[in-house]
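For reference, the structure is listed below as structure tokens.
Values quoted throughout were computed directly from the atomic coordinates according to the rules given, and no laboratory measurement underlies them. Keep in mind the model is a prediction, meaning the values are calculated, not measured. So basically every Cβ, Gly included, is an ideal-geometry build from the backbone, and we count neighbours across all protein chains shown.
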Amino acid sequence: MPKQQSGPVFTLQPAAPAQPGRWLAHRHKVLAIAGLVIGFLIGQHADAPAATNTPPAHTTPAVSSTPSTP
């Protein structure tokens, strides 16, 4: 009896997909932690006292261009 082949010898599919590298597999974790640290640092500096919006104090009255009437 002749020997029968069980399946085709050549296929178009690869044997197994390539495993991602360490950076590709864990970059979402690294970027999430970096975002949390940056957000924390921004939040620490956000409660600085705000500049007040007061006009400067004048020592002399403003010069008026119209003469005052009695």
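Quick notes on this one:
- Spin-label model, Asn53 to Lys29: label points 7 Å out along the Cα-to-beta-carbon direction sit 4.7 nm apart.
- Packing-based order for 29-41, 13-25, using average beta carbon neighbours within 10 Å, highest first: 29-41, 13-25
- Per-residue HN-Hα couplings for the range 16-21 [Karplus 6.51, -1.76, 1.60; θ = phi - 60°; Hz; x = Gly/Pro]: 7, x, 5, 6, x, x
- Gain upon complete extension [Ala16, Thr60; 0.36 nm per residue less C-alpha separation]: 7.3 nm
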